[in-house]
Amino acid sequence: MPSFNFILLTIVGCGIATGTSRVLPFLLLKRLSLSPQVLEFLSFVPLVIMSVLWFENLFTQHLGHVPEPNLENMLASLPTVISAIISKSLLIVVIVGIISLAIIRLLS
């Protein structure tokens, strides 16, 4: 069984590594200026991350088989995407997504 000191040092080390990897880029970018091309490229990062997270949940993967569509998530995505187009508010999109998935699960 690992000792208390080993576990404590592991937790502290992981905290330092995580904190450094999240804070260091902000500190560096505060002192440096980026070119307009880099800023335009970085402006697409949140959209790409959200798209990947959304697309990943539309299909269920089984090893050795073709991914199957997740009908609950696909049906819940319809009102969520419509609310995103209309409102352009992340809070409204999240609320509509949660409510629509809850209703779908309640009815099925």
- [ ] Would you check if Leu47 is outside any loop (DSSP other than H, G, I, E, B) and either surrounded by 10 or more Cβ atoms within 10 Å (Cβ to Cβ) or touching a Ser or Thr at 6+ places or on another chain (Cβ under 8 Å) (or both)?
- [x] no
* **Ser21 of a type in the set (S, T, N, Q), assigned to a loop (DSSP other than H, G, I, E, B) and surrounded by fewer than 12 Cβ atoms within 10 Å (Cβ to Cβ)** => no
Residue hits (segment 50-75; loosely packed, with under 10 Cβ neighbours inside 10 Å and either in a loop (DSSP other than H, G, I, E, B) or touching a residue at least 40 places away in the same chain (Cβ under 8 Å) (or both)) are His62, Leu63, Gly64, His65, Val66
Task: Residue check for Leu39: surrounded by 11 or more Cβ atoms within 10 Å (Cβ to Cβ), on the phi < 0 side of the Ramachandran plot and without any contact (Cβ under 8 Å) to a residue 60 or more places away in the chain - done: no
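FYI, it's all coordinate maths here, none of it is from the lab. These numbers come from a predicted model, not from an experiment. So basically every Cβ, Gly included, is an ideal-geometry build from the backbone, and we count neighbours across all protein chains shown.
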